[in-house]
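Taking it in order: structure first as structure tokens, then the write-up.
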Amino acid sequence: MHLTSPDQTIYVAGHRGLVGSAVVRRLRAAGYDRLLLRTRQELDLRNQAATEAFFDEHRPAFVVVAAARVGGILANDTYPADFIADNLAIELNVIQAAYRTGVRRLVFLGSSCIYPKHAPQPMREEHLLTGPLEPTNEWYAVAKIAGVKLCQAFRKQHGVDFLSLMPTNLYGPGDNFDLQTSHVLPALIRKFHEARREDPLPDEPVTLWGTGTPRREFLYSDDLADAVLFVLEQPEERLYEVAPDGMLNVGVGEDIAIRDLAALVREVVGSNSPIQYDATRPDGTPRKLMDVSRMRTLGWTARTPLRQGIEQTYAWYLRSLRTQSA
Ligand SMILES: NC(=O)c1ccc[n+]([C@@H]2O[C@H](COP(=O)([O-])OP(=O)(O)OC[C@H]3O[C@@H](n4cnc5c(N)ncnc54)[C@H](OP(=O)(O)O)[C@@H]3O)[C@@H](O)[C@H]2O)c1
């Protein structure tokens with residue numbers, strides 16, 4: 001059942017994260033202010049009893065599952081057990097509690113890494129489980145596939161309105177800029193920013209992982225939040241007519257080579273750093289472009305051009321540095 005009025009309660013799990021914070025901004029802007037929000041310290045969703053008690057007490061009508069252990073290639077490679085165990089626990093606890101307490105619609109956030117490493121490009125929802133995964137983040141991907149399958153299984157057995165969105169690579173305000181655990185785009189912004197030198201000194205060279213040839217698609221987090229609201233408000237019949245398996249890719253529908261992305265970020269940051277590539281480091285999947293025709297059929301497309309999104313993210317990063325140093 002879809003979201004119809006502002007006095008319906010919406011639980012946004014992971015509301016402080018890149019996605020969760022954007023979803024909260026979007027819902028509030030649309031007049032939805034009956035939001036249930038808990039930090040991990042207040043409610044650790046790996047704890048089944050605590051999660052059940054929370055749902056019993058508050059009985060949210062709608063749920064957005066944006067809570068997860070998330071990270072780049074290095075973090076996945078270093079903490080595989082945490083990535084698969086934490087995400088499996090969060091998904092199972094939330095989806096089971098949501099079913100038991102009669103949640104009207106649950107939107108689970110999967111990821112484009114659920115698709116096979118050599119899936120045909122662009123990747124369609126039907127490509128799920130048609131080939132081997134990218135090894136560098138398979139632990140996280142297997143947990144995300146389990147989340148998608150949990151939603152499908154609960155819908156098949158109990159007829160509940162639980163579905164999954166598969167966002168492409170996201171970036172935006174509130175992103176993680178830690179060079180050990182971040183994704184490529186925030187890492188580029190920080191590296192070029194930190195390589196800047198006072199004139200007349202030339203900016204320091206910036207070294208990037210891999211060869212620069214992989215192609216990636218990037219979606220601004222506020223656009224994804226807009227897609228989450230759009231889906232929450234979609235009549236059930238229409239939604240499952242377009243997505244009978246309860247899966248919807250969310251992306252821009254176009255990608256960019258990492259070396260072109262690096263040049264664009266350098267321009268936005270106002271740097272003239274020489275760019276070097278460390279080809280001893282992994283490139284990851286050669287290309288990851290989403291087929292977004294289902295969301296287009298429903299009537300949704302991304303609005304923020306990449307340059308504008310990077311400019312707004314860099315502005316947020318500069319503000320956060322000022323706040324930190326204040
Ligand atoms: N970032 C991307 O490029 C991307 C791309 C595709 C899909 N996604 C999906 O989008 C979702 C959100 O990702 P994100 O980028 O927003 O991640 P994020 O910025 O790391 O945020 C994750 C959120 O989850 C919360 N959380 C983590 N473990 C928890 C636990 N045990 N109990 C309760 N809360 C917990 C964190 O709480 P604290 O704030 O308290 O730490 C944080 O608010 C994930 O499902 C991810 O798979 C992300």
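The values are calculated or read from the model by the stated rules, or taken from the named source; none is laboratory data. No experiment lies behind these values; they were computed from the predicted model shown. In this analysis, Cβ positions are derived from the backbone assuming ideal geometry, glycine residues included, and neighbour counts consider all displayed protein chains. Heavy atoms of the whole protein, side chains included, go into the accessibility calculation; ligands, DNA and RNA do not. Shrake-Rupley method; radii C 1.70, N 1.55, O 1.52, S 1.80 Å.
Structure notes:
- Dipole size of segment 77-215 about its Cα centre, with +1 on Lys/Arg Cβ and -1 on Asp/Glu Cβ: approximately 780 debye, rounded to the nearest 20.
- Loop-located trypsin sites (Lys or Arg not before Pro) in segment 210-308 (DSSP state other than H, G, I, E, B) with a sparse environment of at most 14 neighbouring Cβ atoms within 10 Å: R303.
- Restricted to Cα atoms, the chain shows a radius of gyration and a Dmax of 19.7, 68 angstrom.
- Once the C-beta distance of E254 and E233 is scaled by a Förster radius of 35 Å, the resulting FRET efficiency is 0.85 to the nearest 0.05.
- Other residues within the sphere of radius under 11 Å centred on the Cβ of L74, judged by their own Cβ, net out at -1 (K and R +1, D and E -1).
- Remark: the K156-D44 segment gains 37.5 nm on full extension, using 0.36 nm per residue and subtracting the alpha carbon distance.
- Summed residue charge, Cβ within 11 Å of S221's Cβ, Lys/Arg positive, Asp/Glu negative: -2
- Restricting attention to the chain, lysine pairs at least eight places apart or on different chains and with alpha-carbon atoms under 20 angstrom apart total 5.
- Share of carbon and sulfur in the accessible heavy-atom surface of segment 207-326 [1.4 Å probe, %]: 49
- Sites listed here are GluC sites (Glu not before Pro) in segment 18-122 whose DSSP assignment is loop and whose Cβ has at most 15 other Cβ atoms within 10 Å: E42.
- Neighbourhood charge, 11 Å Cβ-Cβ cut-off, centred on P282 and excluding it, Lys, Arg +1 and Asp, Glu -1: -3
- The fraction of accessible area contributed by carbon and sulfur in segment 1-86 is 49 percent, rounded to a whole number (1.4 Å probe; ligands and nucleic acids excluded).
- Using a simple spin-label model with pseudo-atoms 7 Å out from Cα toward Cβ, T213 and R25 lie 3.7 nm apart.
- In this structure T4 has an accessible area near 80 Å², from a 1.4 Å probe over the protein heavy atoms.
- Sites A81 and E198, calculated FRET efficiency, Cβ-Cβ separation with R0 41 Å, nearest 0.05: 0.35
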